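The values are calculated or read from the model by the stated rules, or taken from the named source; none is laboratory data. Just so you know, these numbers come straight off a predicted model, no measurement behind them. Don't worry about glycine lacking a Cβ; one is built from the backbone with ideal geometry, like all the others, and counts go over all protein chains shown. For the accessible areas, the whole protein counts, side chains as well, though only heavy atoms, and no ligand, DNA or RNA atoms are used. Shrake-Rupley method; radii C 1.70, N 1.55, O 1.52, S 1.80 Å.
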Amino acid sequence: MKRILTGIQSTGTPHLGNILGVMIPSIDLSNQNSKFSSFIFVADLHSLTKIKDFDVIRNNTYQIAAAWLAFGLNTEKSIFYRQSDVSEVTELAWYLNCFFPFQRLTLAHSFKKKRENHEKINVGLFTYPILMAADILLYNAEIIPVGKDQLQHVEIARYIANRFNQRIGKKIFVSPESFIQQEAMSIIGTDGEKMSKSKKNCIDIFSSDEILRKQIMNIHTDNKSLKEKKNPDKDSIMSLYKLLAPIDRVEEMRKKYIEGGYGYLDAKIALYECIIKKFSVERKNFFSLIKKKSLLDRILSSGAQKAKYIAKDRLNKIRKNLKLNPSS
Ligand code: TRP
């Protein structure tokens, strides 16, 4: 049985990019439970590289957890936990740190970009990909559903796995592979760039109707008038609508773009209504779950217990190969 594993950082409410690119495909895979076992977690330790307000991180963790559950993650079939509850991962990250060349880590794009922009960088941010490799290798996960921006990180995990195995002379780690949802590879944000929390161009389906509407009304377009013909292949509203609406509706909108006499405002309203309708159940679930923090805590703790049981055993095997004593 292959292991699927993925995490989302607790840097805010999951946006449409996270949902279409990672959550829905991971839930679909984990529901095929005869073939896969799955590990899904909230990466709160990773968010500590960016956020220093601990209440915010804790709150974001609930948001991410509620979103997974709202989309129907089955916690009987998958191990669902908070990363920081399974501290074994940080121990493994240390060992992995000692097997990865410094120079190579300076090429990781998360770090390189920030350095080029002369942003303040903490050591945690620099070694972020190593902690991610530990998340994966601790459970010997093989299939890693991620967005395109995380491909390099999974590559790093593969590299460390091989290097470590070679050094030890045994196959302790299996090589993980990314699982990418083709059509969701780059989801366009409201400014026409890739949707990303740091760019503040997200569509947050779990925000209030009012905010969601505002975000959609903010989508950048060219300044063609209502009457003019429009290009459906070069437009952000259309590119989002294509991902969400039924195919006949998409065709209808395409036609209206090409014919003219259909304004961007009309298209935005159609997109808003489509989102509200498509995610009505999930939004309702989310708004109810987010009020039940103790329930979320209970679910995450019970997942952490299961994860910890496996993690401890794996870590002791790794310790043994490093000629370290087992931990109790
Ligand atoms: N880095 C991922 C993100 O930013 C989150 C993450 C942490 C992750 N550890 C992981 C994803 C392990 C997949 C596997 O979204």
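A few notes on this one:
- Restricting I310, I275 to those that are of a type in the set (V, I, T), at pLDDT 95 or above and assigned by TED's automatic domain parsing to the domain that holds A133 reduces the list to I310.
- Subset of segment 166-180 that is open to solvent by 60 Å² or more (accessible area, probe 1.4 Å) and under 17 Å from the mean Cα position of the chain (by Cα) - its residue that is farthest from the ligand (Cβ to nearest atom): E177
- All told, F71 meets the bar of being in contact (Cβ under 8 Å) with a residue 60 or more places away in the chain, more than 13 Å from the ligand (Cβ to nearest atom), aromatic (F, W, Y) and in contact with an Asp or Glu (Cβ under 7 Å, 6 or more places away or on another chain).
- Qualifying position, being in contact (Cβ under 8 Å) with a residue 40 or more places away in the chain and under 30 Å from E91 (Cβ atoms), among N321, N325, N316, N285: N321
Table: residues versus (1) part of a loop (DSSP other than H, G, I, E, B); (2) surrounded by fewer than 17 Cβ atoms within 10 Å (Cβ to Cβ); (3) of a type in the set (K, R); (4) touching a residue at least 40 places away in the same chain (Cβ under 8 Å).
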{"position": "G124", "(1), (2), (3), (4)": "no, yes, no, yes"}
{"position": "A133", "(1), (2), (3), (4)": "no, no, no, yes"}
{"position": "Q150", "(1), (2), (3), (4)": "no, no, no, no"}
{"position": "V154", "(1), (2), (3), (4)": "no, no, no, no"}
{"position": "F164", "(1), (2), (3), (4)": "no, no, no, yes"}
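- Conditions (1) at pLDDT 95 or above; (2) within 30 Å of L271 (Cα to Cα); (3) among the hydrophobic types (A, V, I, L, M, F, W, C): number failed by V56: (2)
- A67, sole failed condition from (1) within 16 Å of the chain's Cα centre (by Cα); (2) at pLDDT below 95; (3) not β-branched (V, I, T): (2)
- Of all residues making up segment 302-328, the number that are small (G, A, S) and either in contact with an Asp or Glu (Cβ under 7 Å, 6 or more places away or on another chain) or open to solvent by 60 Å² or more (accessible area, probe 1.4 Å) (or both): 3
- Unmet criterion (only one of (1) touching a residue at least 24 places away in the same chain (Cβ under 8 Å); (2) over 21 Å from D191 (Cβ atoms)) for Q305: (1)
- In the condition set (1) open to solvent by less than 10 Å² (accessible area, probe 1.4 Å); (2) within 13 Å of the ligand (Cβ to nearest atom); (3) closer than 17 Å to R298 by Cβ, S84 is compliant with all but (1).
- Residues in segment 1-48 that are open to solvent by 20 Å² or more (accessible area, probe 1.4 Å) and not in a helix (DSSP H, G or I): 14 in all.
- Scan of segment 49-59 for residues that are surrounded by 17 or more Cβ atoms within 10 Å (Cβ to Cβ) and either more than 14 Å from the ligand (Cβ to nearest atom) or assigned to a helix (DSSP H, G or I) (or both), ordered by number: I57
- Checking every residue in segment 138-145 against the condition of being more than 14 Å from the ligand (Cβ to nearest atom) and either over 30 Å from S328 (Cα atoms) or free of Cβ contacts under 8 Å to residues at least 40 places away in the same chain (or both) gives zero matches.
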